[in-house]
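Inspection log for the structure reproduced underneath, given as structure tokens.
All of the numbers you see were taken from the coordinates with simple rules; none came from a lab. All figures in this text were calculated on a predicted structure; none of them were measured in a lab. Note that we place each Cβ from the backbone using ideal geometry, even for glycine, and neighbour counts take in every protein chain shown.
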Amino acid sequence: MQFSEIATAENPLEALVQMALTFKGITVTKGTINRYSSLLEAALLADEGQSLEGNVWADFVGGIEGDRFEECCNAIGQTIGASSSEITEFLAIANATGDVLAGKEIELAEDELFAELESIMPTEADAYTHLDEQSKTAAIEVESARATSNDPDHRASDEGGYSDEE
């Protein structure tokens, strides 16, 4: 999904959530998108000083000290298995989207976003670093064999994404 598609979407929060879920290989459902985007919307409202009375997220968001939007992004990121650098990237995209919604030209916001994204140092662990040398070699061989075969990946769902169900 292109930044311009997110920034100009009918509901940019939903587009941001969809992008994050897709990036992490999680099956995207309307319910999941609605749940996470409603949490982010509640956080934004609270950060702006608006009441969350009657909002399903009122207690959760109300218990957060500081920047509620950022803390909710962290909570969602941890839930979907995002690294700290991926969460930082999501926040950068969200902030750039907010800039466009506030009137900044999309090209300028995009240029600034790409510069910021390039400066974020990845925090993801390299593949297989958690394994001993023998296990690492075996895992690489299995992945190589899978990549050269025509057998479908057992982890893939019918929709082509990855299921978050076990």
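Compared with the direct C-alpha span, the chain from Glu141 to Asn34 gains 34.5 nm at full extension, assuming 0.36 nm per residue. Dimensions of the stretch 3-119 based on its C-alpha atoms, expressed as ranges along the principal axes with the largest first, amount to 38, 32, 27 Å.
Binning all Cα-Cα separations of the stretch 73-127 at 5 Å, short to long from zero, yields these whole-percent fractions: 4, 21, 24, 20, 16, 10, 4, 1, 0.
For the stretch 30-83, the list of GluC sites (Glu not before Pro) that fall in a loop by DSSP and count at most 12 other C-beta atoms within 10 angstrom reads Glu48, Glu53, Glu65. Here the stretch 3-119 is assigned +1 on the Cβ of each Lys and Arg and -1 on the Cβ of each Asp and Glu. Its dipole about the Cα centre then comes out at about 620 debye.
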